[in-house]
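K.L.:
Mind having a look at this structure? Questions to follow.
Derivation of every value follows stated rules applied to the coordinates shown; laboratory data play no part. Keep in mind that what you see is a predicted model, and the values were worked out from it rather than measured. No Cβ is skipped: glycine too gets one built from the backbone with ideal geometry, and neighbour counts run over all protein chains shown.
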């Protein structure tokens with residue numbers, strides 16, 4: 001292996017690195033698993049580069065490798081198990097239902113933006129059916145995880161990235177008819193909860209207003225103020241714990257229980273999956289607030305239609321500290 005050859009390979013593949021990572025994340029629902037799959041993809045591409053004969057574009061060839069690496073990962077790796085409730089001094093109300101996708105992780109917007117094509121993770125083909133921001137939203141990525149692996153791959157390649165059916169067939173060593181059949185089944189079974197209204201534009205005054213109002217309500221433990229911000233069908237979940245609460249009343253009841261325990265929080269803004277988010281820090285008597293999780297908001301017009309809480313293990317990925325001084 002000559003250093004110049006390795007450098008040339010890196011130069012050729014670097015423009016696709018970011019979008020391939022986003023592709024792996026959509027398929028696996030986990031940032032860590034996506035990073036592992038990306039490294040496997042680049043290693044396999046390097047080892048097989050001498051056999052790349054240009055019958056397809058380099059981008060298509062890399063997507064073929066990445067997709068099959070992700071399919072292997074989904075087939076061979078056991079999914080993370082659900083976690084039991086572990087919030088001290090808080091007894092949660094009965095959940096509306098138990099979530100199936102407890103391994104889901106949020107992706108920082110810093111990993112989604114870039115020269116490869118923004119939030120979509122790369123340039124979209126003519127047959128893409130989903131908007132760029134929608135295709136990385138937590139609701140959409142969660143829904144994808146319910147699909148069988150092969151249907152998942154076909155739907156992402158066709159409806160998210162817009163590859164033609166014959167290109168997808170080549171990537172999966174399948175027939176065009178098989179690809180069309182898998183896509184039809186995937187579309188029929190995909191459970192995707194779209195917001196009842198479009199969200200305000202990222203960074204717009206409308207988004208900033210609703211996000212600031214949520215921060216004030218949560219930091220002051222004002223359940224009444226929180227309720228006014230929620231849609232009627234607001235939804236809350238907290239992977240890897242399977243508890244899910246659907247409806248404004250259920251979310252308010254759960255939140256009230258958290259605040260009744262005396263827990264008070266400081267919030268630090270960030271962004272995940274193209275959505276506003278907060279690092280959540282629990283205040284302590286010593287004047288230090290300790291990181292306990294990450295909240296990601298899904299907005300619909302000027303209301304909040306979903307709130308997902310992740311564990312504090314994701315904070316470093318967002319550049320957030322483990323603790324902060326209390327105000």
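K.L.:
Go ahead and run the numbers for FRET between residue 86 and residue 129, Cβ-Cβ distance against an R0 of 35 Å, rounding to 0.05.
P.N.:
Working: r = 40 Å, r/R0 = 1.13.
With R0 = 35 Å, the Cβ-Cβ based efficiency is 0.30.
K.L.:
Distance between the C-alpha centers of the range 249-327 and the range 45-113? Whole Å please.
P.N.:
Cα centroid of the range 249-327 versus Cα centroid of the range 45-113: 23 Å apart.
K.L.:
In nm, give the distance between the simple-model label positions of residue 323 and residue 209, each being 7 Å from the Cα along the Cα-to-Cβ direction.
P.N.:
3.9 nm
K.L.:
A further question on this structure: Rounded to whole Å and sorted largest first, what semi-axes of the equivalent ellipsoid does the C-alpha gyration tensor of the range 3-189 yield via the square root of 5 times each eigenvalue?
P.N.:
On the way: eigenvalues 184, 81, 48 Å².
After diagonalising the Cα gyration tensor, the semi-axes are 30, 20, 15 Å.
K.L.:
Here is a further query. With runs of 4+ DSSP H residues as the only contributors, calculate the mean residue ellipticity of the chain at 222 nm using -39,500 (n - 2.57) per run, divided by the residue total and rounded to the nearest 500.
P.N.:
Values: 10 runs with 132 residues, N = 327.
Mean residue ellipticity, 222 nm, calculated: -13000 deg cm²/dmol.
K.L.:
Report the extension gain between residue 233 and residue 201 in nm, rounded to one decimal, defined as 0.36 nm multiplied by the number of residues separating them, less their alpha carbon distance. Can you show the working numbers first?
P.N.:
Numbers: separation 32, 0.36 × 32 = 11.52 nm, distance 2.15 nm.
Length difference between fully extended and current span is 9.4 nm.
K.L.:
Convex hull over the Cα atoms of the chain, averaged projected area in nm²?
P.N.:
Values: hull surface 72.7 nm².
So the Cα hull casts an average projection of 18.2 nm².
K.L.:
Rounding to the nearest 10 and keeping the result within 0 to 90°, find how far the Cα-based axis of helix 176-189 lies from the longest principal axis of the chain.
P.N.:
That helix lies at roughly 10 degrees to the long axis.
K.L.:
Give, as ranges by residue number, the residues of the range 23-66 whose backbone N falls under 15 Å from the point 7 Å along Cα→Cβ of residue 173.
P.N.:
64-66
K.L.:
Hey, what angle do you get for helix 205-219 against the long axis of the chain, alpha-carbon based, 0 to 90 degrees rounded to 10?
P.N.:
Value to nearest ten degrees: 50.
K.L.:
Using 0.36 nm per residue, how much length does the chain from residue 72 to residue 56 gain when fully extended, once their Cα-Cα distance is taken away?
P.N.:
Values: separation 16, 0.36 × 16 = 5.76 nm, distance 2.24 nm.
Length gained, residue 72 through residue 56: 3.5 nm.
K.L.:
Further, regarding this structure: Relative contact order for the chain using alpha-carbon pairs under 8 Å, separation at least 6, rounded to a whole percent? Write out the running numbers ahead of the final one.
P.N.:
Working: 536 pairs, mean separation 57.1, N = 327.
It rounds to 17 percent for the chain.
K.L.:
Under a point spin-label approximation (7 Å from Cα along Cα-to-Cβ), what is the residue 6-residue 249 distance to one decimal in nm?
P.N.:
6.4 nm
K.L.:
Where does each of 243-250, 65-72 land if you order them by average Cβ count within 10 Å, highest first?
P.N.:
Numbers: 243-250: 18.6, 65-72: 21.2.
In descending order of packing, they fall as 65-72, 243-250.
K.L.:
Follow-up. Can you tell me the orientation of helix 248-260 relative to the chain, as the angle in degrees between its alpha-carbon axis and the longest Cα principal axis, to the nearest 10?
P.N.:
60 degrees
K.L.:
If you stretched the chain out fully between residue 146 and residue 292, how much longer would it get, using 0.36 nm times the residue separation minus the C-alpha to C-alpha distance? Intermediate results must be reported in sequence, preceding the final value.
P.N.:
Values: separation 146, 0.36 × 146 = 52.56 nm, distance 2.78 nm.
Residue separation times 0.36 nm, minus the Cα-Cα distance, leaves 49.8 nm.
K.L.:
Right, something else. For residue 17, project a label point 7 Å along Cα to C-beta. Then give me every residue of the range 56-76 with its amide nitrogen under 20 Å of that point.
P.N.:
Counting backbone N atoms under 20 Å from the label point, the list is 58-67, 69-70.
K.L.:
Distance in nm between label sites at residue 194 and residue 97, each 7 Å beyond Cα in the beta-carbon direction?
P.N.:
Each label point is offset 7 Å from its Cα along the Cβ direction, giving 1.9 nm.
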